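First up is the structure itself, then whatever we jot down about it.
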Amino acid sequence: MLDARQLEALVAVLEHGSFGAAAEQLHLTLAAVSLRVKALEESLGQHLLVRGKRLRATVAGQALLAHARQLQLMEADLLASLPGHLPAAGQDWHRLSVAVNADSVAAWFLPGVAPLLRRQRLLLDIVVDDQDHTHDALKHGEVNGCVTTLASPMHGCVAEPLGVMRYRCVALPELVQQCRSAGAAVSPHRLLALPAVIFNRKDALQDIFLERHFGLRQAAYPRHFVPATDAFMAALELGLGWGMVPEHELARRVGGPELIDLLPQATVDVALYWQHWLREPPSAQALTQAVRQAASQQLAPLPPAAGGD
């Protein structure tokens, strides 16, 4: 049997990123937290932490972190279901951790799950990452579920098709005009002479667009990196460059400078999936249902070939 106090210490260290912060959160001494983690490692006969400049979990540590999060949710759900149970002040809220891409968070994810969060007094801890990388947080045991482009379920997980987010390549009219040749067609050479506005260094949408519609692979071009949704849109509206914007974001814009398609018929469709644990506590099951319903209302359906596995 795993020692609950040792497991609690490991989770605190991983969640807070250091033994000192974990000790403060648990109201223990630094030595006590260190001893508990060491004892857990010795009882299992393997390292659970990679101790370096940045603490991180080993594969075994990731598995234990995921297990501990499931236990916490199951215990919270159990206590809430007991007749006459009166939680202490502030303890009737329960946390769920998720990893979601920035374009989905405000567009459909939060509006879709908000009623559930209020109704069941759930707190969200959202990790924002590129849709091609959100599954890393689930793999490492850091979250209960993730919105991802990974269609194949990871070990111990289920991958549910959510739908498609469509992106368009847009810019101010004067920039689009600079991209056109004498025949009014978009010139790849002229386009690559202008900066692109990119969300962050993990964002590959613009490269996918260039390869898919111009046959350009690993193209070189100047780039702005703007890792905040509002600031990203502001950069495009200020004419700093061209960029890939979700179709729904363009549809809900009110006022502001006009942004137009460089190639109206050329889009990039991103298929999204909800990956979550195969065995979920009731509160996590309810979140999965809310995510599934929100996606069905806000995202375009996946093509049959993309949705089947």
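FRET efficiency for ASP3 and ARG223, Cβ-Cβ distance as r, R0 = 35 Å, nearest 0.05? Kindly include the intermediate steps, with their values, before the conclusion.
Details: r = 50 Å, r/R0 = 1.42.
E(calc), rounded to 0.05, equals 0.10.
Can you give the local net charge around GLU8? Use residues other than it whose beta-carbon is closer than 11 angstrom to its beta-carbon, Lys and Arg +1, Asp and Glu -1. Write out the running numbers ahead of the final one.
Working: positive: ARG5, ARG36; negative: ASP3, GLU15.
Net charge in that neighbourhood comes out at 0.
Quote the convex hull volume per residue of region 20-77, based on C-alpha atoms, as a whole number of Å³.
On the way: hull volume 5.8 nm³, N = 58.
Dividing the Cα hull volume of region 20-77 by its residue count gives 100 Å³.
Cut-off 10 angstrom, C-alpha nodes, Gaussian network model of the chain. Which of GLU280, GLU160, GLU174 fluctuates the most?
Largest GNM mean-square fluctuation: GLU174.
Would you kindly give the portion of the calculated P(r) for the chain that falls above 24 Å, as a percent of all Cα pairs? Could the numbers behind the result be given before it?
Working: 28831 of 47586 pairs.
The calculated P(r) of the chain puts 61 percent of pairs beyond 24 Å.
In the neighborhood of LEU238, defined by Cβ-to-Cβ distances under 14 Å, what is the net charge if each Lys or Arg adds +1 and each Asp or Glu adds -1? Write down the numbers at each step before the final one.
Values: positive: none; negative: GLU174, ASP230, GLU237, GLU258.
Net charge in that neighbourhood comes out at -4.
Using the basic label-point model (7 angstrom from Cα toward the beta carbon), what is the ALA151 to ARG201 distance in nanometres?
About 3.0 nm, to one decimal.
What fraction, in whole percent, of alpha-carbon pairs in region 165-269 exceed 23 Å separation? Could the numbers behind the result be given before it?
On the way: 950 of 5460 pairs.
The calculated P(r) of region 165-269 puts 17 percent of pairs beyond 23 Å.
Could you work out how much longer the chain between ARG190 and ALA266 gets when fully extended? Use 0.36 nm per residue separation minus the Cα distance between them, nm to one decimal. Numbers along the way, then the final one.
Numbers: separation 76, 0.36 × 76 = 27.36 nm, distance 1.73 nm.
Computed gain between ARG190 and ALA266 is 25.6 nm.
Cross-link candidates for LYS202: which lysines have Cα within less than 19 Å, leaving aside residues fewer than 8 places away along the same chain?
Cα-Cα hits under 19 Å: LYS139.
Between GLU211 and HIS27, 0.36 nm times their residue separation minus their Cα-Cα distance comes to what?
Result: 60.8 nm gained on full extension.
Exactly which GluC sites (Glu not before Pro) in region 210-282 are in a DSSP loop and have at most 14 other Cβ atoms within 10 Å? Display every interim value, and only then the final one.
Details: sites: GLU211, GLU237, GLU247, GLU249, GLU258; in loops: GLU258.
Listed in order of number, the matching sites are GLU258.
Subtracting the Cα-Cα distance from 0.36 nm times the residue separation, let me have the gained length for GLN46 to GLU174 in nm, one decimal. Intermediate values should be presented prior to the final figure.
On the way: separation 128, 0.36 × 128 = 46.08 nm, distance 6.07 nm.
Here the answer is 40.0 nm.
Taking 7 Å along the Cα-to-C-beta vector as the label spot, tell me the ARG56-ASP125 distance in nanometres, rounded to one decimal.
Placing both labels 7 Å beyond Cα along the Cβ direction yields 1.8 nm.
I'd like the antiparallel share, as a percent to the nearest 5, of DSSP beta bridges with both residues in the chain.
Details: 25 of 38 bridges.
In the chain, approximately 65 percent of DSSP beta bridges are antiparallel ones.
Going by how many other Cβ atoms sit within 10 Å of their own, how do SER18, SER97, SER104 line up, fewest first?
Lowest count first: SER18, SER97, SER104.
Could you name the aspartates and glutamates in cross-link range of LYS38, using Cα to Cα under 13 Å and dropping any fewer than eight places away on the same chain?
Partners found: ASP3, GLU8.
Please identify the DSSP H helices in the chain that span no less than 30 Å along the helix axis (Cα) and have a mean Kyte-Doolittle hydropathy of -1.0 or more.
Details: long enough: 59-81 (33 Å, 0.58).
Sorted by number, the helices that extend far enough and score high enough are 59-81.
Please order LYS53, LYS139 by the number of other Cβ within 10 Å, starting at the fewest.
Values: LYS53 4, LYS139 20.
Ordered from fewest to most neighbouring Cβ atoms within 10 Å, LYS53, LYS139 come out as LYS53, LYS139.
Each value in this text was obtained by applying a stated rule to the coordinates, not by laboratory testing. What you see is a predicted model, and the numbers here were worked out from it, not measured in a lab. Please note: Cβ atoms are built from the backbone with ideal geometry, for glycine as well, and neighbour counts cover all protein chains shown.
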